[in-house]
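Novice: Please find one structure pasted underneath; my questions will follow.
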């Protein structure tokens, strides 16, 4: 029992840490999607000019959803819309990142190692990130 129990508990705790990391990744994906959706609808002012980057309130929106998360935005031209007199079309690319702290000592060392967590600083921490690309809604010129 002394030989098998530590190995068994390490396996069980590692499975629990993987479940926790998966939950955090799903939460970050959904939060990044929501920020990208709202950002894509509000990137254009009423006069038709585009805002640069994340705009004034998207970082605050991300931290309201996940307190420790941060967000970075950029817009990229994807082509032109032939039905709107060759108006350029843009995508908003939103990248959310969130540092997570693992709970169990030995399994957190395994989970925060470089092959499993390439962005993390190690020592029981891992930084996960999610990127969402959303087309920016622009009003048509009639």
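The values are calculated or read from the model by the stated rules, or taken from the named source; none is laboratory data. Please read these numbers as outputs of a predicted model, since none were measured by experiment. Neighbour counts run over all protein chains shown; Cβ positions are idealised from the backbone, glycine included.
Results for (1) at pLDDT below 90; (2) loosely packed, with under 14 Cβ neighbours inside 10 Å; (3) under 26 Å from residue 91 (Cβ atoms); (4) over 17 Å from the mean Cα position of the chain (by Cα), shown as yes or no for each residue.
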residue	(1), (2), (3), (4)
1	yes, yes, no, yes
7	yes, yes, no, yes
10	yes, no, no, yes
13	yes, no, no, yes
26	no, yes, yes, no
34	no, no, yes, no
42	yes, no, yes, yes
46	yes, yes, yes, yes
58	yes, no, yes, no
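Novice: If I go through segment 96-111 residue by residue, how many of them are in a helix (DSSP H, G or I) and either more than 27 Å from residue 21 (Cα to Cα) or under 21 Å from the mean Cα position of the chain (by Cα) (or both)? Break it down stepwise before answering.
Specialist: Our first condition is that a residue be in a helix (DSSP H, G or I); within segment 96-111, this holds for 105-111.
Checking which are either more than 27 Å from residue 21 (Cα to Cα) or under 21 Å from the mean Cα position of the chain (by Cα) (or both) leaves us with 111.
Result for segment 96-111: 1.
Novice: Also, quick follow-up: Could you tell me whether any residue of segment 111-129 is farther than 30 Å from residue 10 by Cα, crowded, with 18+ Cβ neighbours inside 10 Å and modelled with pLDDT of 80 or more?
Specialist: No: zero hits.
Novice: Of the conditions (1) more than 13 Å from residue 106 (Cβ to Cβ); (2) out of contact with any strand residue (DSSP E or B) (no Cβ under 9 Å at 6 or more places or on another chain), residue 6 fails just one. Which one is it?
Specialist: All conditions pass for residue 6, except number (1).
Novice: Let me ask something else about it. Identify all residues within segment 49-95 that are assigned to a strand (DSSP E or B), over 17 Å from residue 135 (Cα atoms) and either out of contact with any strand residue (DSSP E or B) (no Cβ under 8 Å at 6 or more places or on another chain) or in contact (Cβ under 8 Å) with a residue 40 or more places away in the chain (or both); write none if there are none.
Specialist: Step one: of segment 49-95, the residues assigned to a strand (DSSP E or B) are 50, 70-81, 87-95.
Next, from what is left, pick out any that are over 17 Å from residue 135 (Cα atoms): 70-71.
Matches in segment 49-95: none.
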